[in-house]
Amino acid sequence: MVVGTIRVNVADSGSGVDPALRSKIFDPFFTTKGPDAGTGLGPALSQCVFLDHAGIIRVEDSDLGGAAFVVELPTSR
């Protein structure tokens, strides 16, 4: 972690995110769900917010066995 940043790690013990899908998960309208189960905009909008604040968001494997979303933001700009 870079000095001057704050990191938040949100992890679960679910089925995780298929490594083949990780490069697409932040694409607008990308979803693995059916047409009545969401728009696929949540991760894309989240990424826009973090990028607008000079931060990052990424998905990786969780120590709990599922997925972990990691957010890093600068403490000042």
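All of the numbers you see were taken from the coordinates with simple rules; none came from a lab. This structure is a prediction, so every number in the text was calculated from the model and none was measured. With ideal geometry, Cβ positions are generated from the backbone for all residues, glycine too; neighbour counts draw on all protein chains shown.
Below are the figures for this structure:
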item	result
Exposure proxy order (Cβ contacts within 10 Å, fewest to most) of Ser76, Ser13	Ser76, Ser13
Cβ-defined net charge surrounding Val70, 15 Å radius [Lys, Arg +1; Asp, Glu -1]	-2
Spin-label model distance (nm) - Thr75 vs Ala20, 7 Å beyond Cα toward Cβ	4.3
Over region 12-64, relative contact order from alpha-carbon pairs under 8 Å, at least 6 apart, %	39
Helix-only CD estimate at 222 nm, as mean residue ellipticity for the chain, using -39500 (n - 2.57) per DSSP H run (n ≥ 4)	-4500 deg cm²/dmol
Between helix 42-52 and the chain: long-axis angle, C-alpha atoms, 0 to 90°, nearest 10	20
Net dipole in debye of the chain [+1 Lys, Arg Cβ; -1 Asp, Glu Cβ; about Cα centre; nearest 20]	200
